Amino acid sequence: MKLKNYKMSIALRKPIELFRKTWMQIALSIILILPLAIGFSLLYKAWPLLNPDDLGKLLFGSVWSPSQGNFGLFPFISSSVFVAGVGLIIMIPVCLSSAIYITQFAPRWISRILRAAIDILAGMPSVIFGLWGVITIVPIVGNWAKQQGAQNPTGYSILAAGIVVSISVMPYVLNMLLELFESVTSELKETALSLGASHWQAIKDVFLKKLKPGIIASFTLGMSKSFGETIAVLMVVGNVVQIPARIFDAGYPLPALLANNYGEMMSIPMYDAALMLSALILLLIVVFFNYLSHKVIRHYQAKA
């Protein structure tokens, strides 16, 4: 009886393994095909506007008037770059200092509290950050703009959007940095300390140098995430179609354009294609920053 059961288990093992392998390959194929499917669908919808002669006018034109057939996307692209750039400038020192303090200096009980706070921020809806920005950040930025004599004293600006987007993306970047700093073995730190280095010298000259590729990649991925923030940015950026020249100027990033306009005025010729082109540009920007982060990691790994 035992021999019979053993033979049956041997006979069933092969089809079960085949089923498991096929199921995993199907799941992997879905993951690989999904970004391509999204990209090709956006490309198909934007194709009517992808004329080589008019592409430069679309990407670098500053006039947005769908009713007259003008779809200049440069104000939206430049606003996205400015908002993400301001967010990155604010995010780098705060995230890096916080990660160093939590993993190297903070007592264990403070570290647990800070990690819980980071997890709460990571799970918070984007609209909450936007409302907080309207209530708190916009008035502060508006008062500062008045003191500086800015043309836009309302506070709804690139600076307000950059602050809000940096705070909404910080938990995402912080979690990656915490994992990086915790991956360094205690022996490496103890070796540096035994050679006479201070605690801060060990962090600066050993930890940061060893983790440099991961740190750069973390902030690069955070930059790509900043480009995709929609609701929080939409609520505080001002949504004025212009090329921002100062941080106090209002802007209109690509995600806000899509959120505000898709589904409206679809009877206007090429309007749908213009919005799909802006979505395609946003997707390509995110893909570029993800590719850049992988290149940075490979470069430093090969150098090491």
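Can you report the number of residues in region 70-110 which are of a type in the set (Gly, Ala, Ser) and touching a Phe, Trp or Tyr at 6+ places or on another chain (Cβ under 9 Å)?
5
What number of residues in region 24-58 are within 22 Å of Ser79 (Cα to Cα), under 25 Å from the mean Cα position of the chain (by Cα) and free of Cβ contacts under 8 Å to residues at least 40 places away in the same chain?
Summing the residues that are within 22 Å of Ser79 (Cα to Cα), under 25 Å from the mean Cα position of the chain (by Cα) and free of Cβ contacts under 8 Å to residues at least 40 places away in the same chain in region 24-58 gives 0.
What about Lys189, is it basic (Lys, Arg), more than 30 Å from Val240 (Cβ to Cβ) and modelled with pLDDT under 80?
Against the criterion (basic (Lys, Arg), more than 30 Å from Val240 (Cβ to Cβ) and modelled with pLDDT under 80), Lys189 qualifies.
Taking only pairs six or more apart or across chains, which ones have beta-carbon atoms under 8 Å, a first residue in region 139-155 that is surrounded by 16 or more Cβ atoms within 10 Å (Cβ to Cβ) and assigned to a helix (DSSP H, G or I), and a second residue that is β-branched (Val, Ile, Thr) and modelled with pLDDT of 90 or more?
Qualifying pairs under 8 Å: Val141/Ile163.
With (1) closer than 26 Å to Gly123 by Cα; (2) out of contact with any strand residue (DSSP E or B) (no Cβ under 9 Å at 6 or more places or on another chain); (3) at pLDDT below 90 as the list, and Gly238 as the residue in question, which single condition is left unmet?
Here Gly238 clears every test but (2).
Being assigned to a helix (DSSP H, G or I), in contact with a strand residue (DSSP E or B) (Cβ under 6 Å, 6 or more places away or on another chain) and not assigned by TED's automatic domain parsing to the domain that holds Ala37 is the requirement here; does Ala274 meet it?
Judged against the criteria, Ala274 is a match.
Out of all the residues in region 54-82, which are surrounded by fewer than 18 Cβ atoms within 10 Å (Cβ to Cβ), closer than 21 Å to Phe227 by Cβ and in contact with a strand residue (DSSP E or B) (Cβ under 8 Å, 6 or more places away or on another chain)?
Gly61
Of all residues in region 26-53, how many are of a type outside the set (A, V, I, L, M) and exposed (fewer than 10 other Cβ atoms within 10 Å of the Cβ)?
Within region 26-53, residues that are of a type outside the set (A, V, I, L, M) and exposed (fewer than 10 other Cβ atoms within 10 Å of the Cβ) number 2.
Looking only at region 223-253, how many residues end up being within 16 Å of the chain's Cα centre (by Cα) and free of Cβ contacts under 8 Å to residues at least 24 places away in the same chain? So that I can check it myself, show each step before the final result.
We begin by selecting, within region 223-253, every residue within 16 Å of the chain's Cα centre (by Cα); these are 223-234, 253.
Keeping just the survivors that are free of Cβ contacts under 8 Å to residues at least 24 places away in the same chain gives none.
Of the residues in that region, 0 qualify.
Keeping to region 59-82, report how many residues are polar (S, T, N, Q) and within 25 Å of the chain's Cα centre (by Cα).
So the answer is 3.
Which of the residues that make up region 44-54 are within 13 Å of Ser278 (Cβ to Cβ) and part of a helix (DSSP H, G or I)? Walk me through it before giving the result.
If we filter region 44-54 for residues that are within 13 Å of Ser278 (Cβ to Cβ), which is where we start, we get 45-46, 49-50.
Residues satisfying the conditions are Lys45, Ala46, Leu49.
Can you find, within region 94-124, the residue that is surrounded by the fewest Cβ atoms within 10 Å (Cβ to Cβ) among those that are among the charged types (D, E, K, R) and free of Cβ contacts under 8 Å to residues at least 40 places away in the same chain?
Arg108
Given the criteria charged (D, E, K, R), surrounded by 11 or more Cβ atoms within 10 Å (Cβ to Cβ) and farther than 30 Å from Glu182 by Cα, does Lys21 qualify?
no
The values are calculated or read from the model by the stated rules, or taken from the named source; none is laboratory data. Small disclaimer: the values here were computed from a predicted structure and weren't measured. Positions of Cβ are generated from backbone atoms using ideal geometry, with glycine treated the same way; all protein chains shown enter the neighbour counts.
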